[in-house]
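Participant: Following this message is one structure expressed as structure tokens.
The values are calculated or read from the model by the stated rules, or taken from the named source; none is laboratory data. Note that this is a predicted model, so its numbers are computed, not measured. Positions of Cβ are backbone-derived with ideal geometry, glycine not excepted, and every protein chain shown enters the neighbour counts. Note: areas computed on protein heavy atoms with side chains; ligands, DNA, RNA excluded. Shrake-Rupley method; radii C 1.70, N 1.55, O 1.52, S 1.80 Å.
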Amino acid sequence: MTGVTLGDGRFDGGLDGGTAPRRDGEPTPVAAGQRVRVSVPATVGNVGPGFDSIGLALDLRDELTVDTDAGPALSVEVAGEGAGQVPRDESHLVVRTIRRTLERAGYRAPALHLDAVNVIPHGRGLGSSAAAIVSGVLAANALLPAAARSDEEDLFQWCSRLEGHPDNVAPALFGSLVVSWEHDDGTFGHAVVPVAPAVSPVMAIPTTELSTEVSRGLLPPSVSHAQAAANTGRAALLVHAMTSAPGFLLPATRDYLHQDVRAEAMPASADLLRTLRAQGYATVVSGAGPSVLTLAVDPAQRDAVVHAVREHTSRTGDADRWTVRTPAVGREGARIEEHRD
Ligand SMILES: Nc1ncnc2c1ncn2[C@@H]1O[C@H](COP(=O)(O)OP(=O)(O)O)[C@@H](O)[C@H]1O
Ligand SMILES: N[C@@H](CCOP(=O)(O)O)C(=O)O
């Protein structure tokens, strides 16, 4: 076991680090004239007590098209979320991911042209960075000659190392609810579990961003045995509630590891969470925050939750700072929508 990484893989040894297998010699250029289009869902890491180990895909998908040609150029077009904010040069997260993934296989890109249409908001706890990493890894893998491509399992290992924790990349790749874990040798495992059809997500998204790196920085290095024991029961119950017994969702979504210590960085989210849970709704912080997810037990309760969120944010004078969305559970993971070579 390599231990829990409380930083973020992108910043401590993942994308910028040298942990990937390398081949000797000059990298081979991938074929020019290819087009790959991929789509990847948003994801909710943790889902309350499943810190770094349970994640849920949502039916909100970013789409990325990558074209290669023979020249040396790089171009990046971004529409939707992140437009005008993310860099459009070599430091763009998807560009770095594509280059790193090709390099790992012993290849390099000639010219790269990216066209990103993003619907997953950035820095809100909906797994935008995991989606960016998964889309870059899948696109790069498709650009390789067939014999050099990795299988799905290897791609999961690689995406988890780049992201630093597997709970977002696993549902981004496989869809549904996914339990993921780290083996003693540092590799990752995953098990996809079905979600009961009645479970209906409500996502309250604030205008304010909170980077996952900053939010992870608030976590203590250790927790008490009592907290760990309490959390274990809830995480186990969460899998049962999500798959076949939504009536248990309220107790199953109680977390003891991360939400309270992060509350200072997202007071409005903590306040909304408290209000909704006091009304009997299964509400959690989405990922590292600051969005707030409620898992309604059926569509009728979902409508009541939307109303309760609006009532709360109106009462606090915050209505214009929150967007409420009701995406379905993402039954499908990342997809290659088109590959032309
Ligand atoms: N589609 C994307 N293209 C480029 N950069 C992205 C993309 N998605 C995320 N990022 C980068 O990741 C950051 C957000 O990552 P993070 O703090 O982990 O939040 P979250 O993953 O919860 O949205 C963005 O500010 C941006 O720098
Ligand atoms: N387990 C992670 C989840 C981070 O998800 P994100 O969508 O906020 O990047 C954590 O809690 O840090």
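Participant: List every residue pair whose Cβ atoms sit under 8 Å apart, with the two residues 6 or more apart in sequence or on different chains, where the first one lies in region 239-264 and is assigned by TED's automatic domain parsing to the domain that holds VAL179 and among the aromatic types (Phe, Trp, Tyr) and the second, anywhere, is in a loop (DSSP other than H, G, I, E, B) and open to solvent by less than 60 Å² (accessible area, probe 1.4 Å).
Facilitator: Matching pairs, first to second residue: none at all.
Participant: Can we say SER222 is open to solvent by 50 Å² or more (accessible area, probe 1.4 Å), among the polar types (S, T, N, Q) and not in a helix (DSSP H, G or I)?
Facilitator: So SER222 fits the description; yes.
Participant: Can you give me the number of residues within region 72-130 that are touching a residue at least 24 places away in the same chain (Cβ under 8 Å), away from ligand 2 (no atom under 16 Å from the Cβ) and acidic (Asp, Glu)?
Facilitator: Residues in region 72-130 being touching a residue at least 24 places away in the same chain (Cβ under 8 Å), away from ligand 2 (no atom under 16 Å from the Cβ) and acidic (Asp, Glu): 3 in total.
Participant: Check VAL117 against each of (1) open to solvent by 30 Å² or more (accessible area, probe 1.4 Å); (2) more than 9 Å from ligand 1 (Cβ to nearest atom); (3) among the β-branched types (Val, Ile, Thr); (4) not in a strand (DSSP E or B) and name the one condition it does not meet.
Facilitator: The failed condition is (4).
Participant: Under 16 Å from ALA130 (Cα atoms), in contact with a helix residue (DSSP H, G or I) (Cβ under 8 Å, 6 or more places away or on another chain) and modelled with pLDDT of 95 or more: does that describe ALA196?
Facilitator: For ALA196, the condition - under 16 Å from ALA130 (Cα atoms), in contact with a helix residue (DSSP H, G or I) (Cβ under 8 Å, 6 or more places away or on another chain) and modelled with pLDDT of 95 or more - is not met.
Participant: Just checking, which of VAL134, VAL178, VAL192 is assigned to a helix (DSSP H, G or I) and under 16 Å from the mean Cα position of the chain (by Cα)?
Facilitator: The conditions single out VAL134.
Participant: Taking the residues in region 302-325 that are of a type in the set (S, T, N, Q) and surrounded by fewer than 17 Cβ atoms within 10 Å (Cβ to Cβ) as candidates, determine which candidate is farthest from LEU272 (Cα to Cα).
Facilitator: Within region 302-325, the match that is farthest from LEU272 (Cα to Cα) is THR323.
Participant: Criterion first (away from ligand 2 (no atom under 16 Å from the Cβ) and surrounded by 13 or more Cβ atoms within 10 Å (Cβ to Cβ)) does ALA198 satisfy it?
Facilitator: yes
Participant: Sticking with this structure for a sec: Only one of ALA172, ALA147, ALA131 is among the small types (Gly, Ala, Ser) and surrounded by fewer than 24 Cβ atoms within 10 Å (Cβ to Cβ); which?
Facilitator: Checking each option against the conditions leaves just ALA147.
Participant: Also: In region 77-99, what count of residues is obtained for those that are assigned to a loop (DSSP other than H, G, I, E, B), among the charged types (D, E, K, R) and more than 30 Å from ALA147 (Cβ to Cβ)?
Facilitator: Residues that pass the stated criteria total 3.
Participant: Right, here's the next one. Might you check whether a residue that is charged (D, E, K, R), part of a helix (DSSP H, G or I) and under 20 Å from the mean Cα position of the chain (by Cα) occurs anywhere in region 100-113?
Facilitator: yes
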